[in-house]
Amino acid sequence: MSAESVLAGIKANTVSMPREMVAQLVAQGASPEEMREAWGDYNAGYQSAATAARTAERQRCKAILSLPEAKDRASMAKHLALETDLSPDTAARLLATAPTESAPTARPNRLDLFLAEAANAAEPSVDAVARRVANY
């Protein structure tokens with residue numbers, strides 16, 4: 001079996017793993033040069049397919065994250081882009097039905113509450129201050 005026929009087998013999906021490819025070459029009595037050539041072709045095809053897959057996945061993620069529906073639903077859009085294999089069209093439909101995210105509201109701390117209370121209070125008497133200090 002020549003390197004060309006093995007490469008044709010890879011492209012036709014009749015040879016799916018390098019182990020099968022090598023076994024077929026050995027069974028056919030291929031020379032070491034033919035084996036190296038077939039392996040180089042296989043590896044180049046694998047690398048090309050891997051690069052194409054990475055590019056397609058990046059484009060899918062970018063398309064989901066840049067959808068108009070993702071504007072106020074950033075965490076859901078990020079989840080759909082990075083944790084699923086949904087198409088941008090499907091993600092857009094899901095995002096359109098999801099509630100928008102609201103900005104987190106800041107909770108005032110005790111010091112802020114105390115200062116606000118003090119600002120709104122009338123001038124306290126000495127007795128009121130003493131009772132208050134005693135309660136802490």
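Quick notes on this one:
- Calculated diffusion of segment 54-136, Stokes-Einstein form, Kirkwood radius summed over Cα pairs, 4 °C and 1.567 mPa s, µm²/s: 77 µm²/s
- Cα centroid separation, segment 62-133 to segment 29-48: 57 Å.
- S66, S102 arranged by Cβ crowding within 10 Å, fewest neighbours leading: S102, S66
- Residue order, fewest to most surrounding Cβ atoms within 10 angstrom, among M21, M76: M76, M21
- Ordered by the count of other Cβ atoms within 10 Å of each Cβ, fewest first, T51, T84, T97 give T97, T51, T84.
- Here, P(r) means the percent of Cα pairs in each 5 Å bin from 0 to the largest distance; for segment 18-68 it is 4, 18, 17, 14, 10, 9, 9, 7, 6, 4, 2, 1.
Coordinate-derived values only; no laboratory data. Everything numeric in this text was worked out from a predicted model, so none of it was measured. Here the Cβ is made from the backbone with ideal geometry for all residues, glycine too, and neighbour counts use every protein chain on show.
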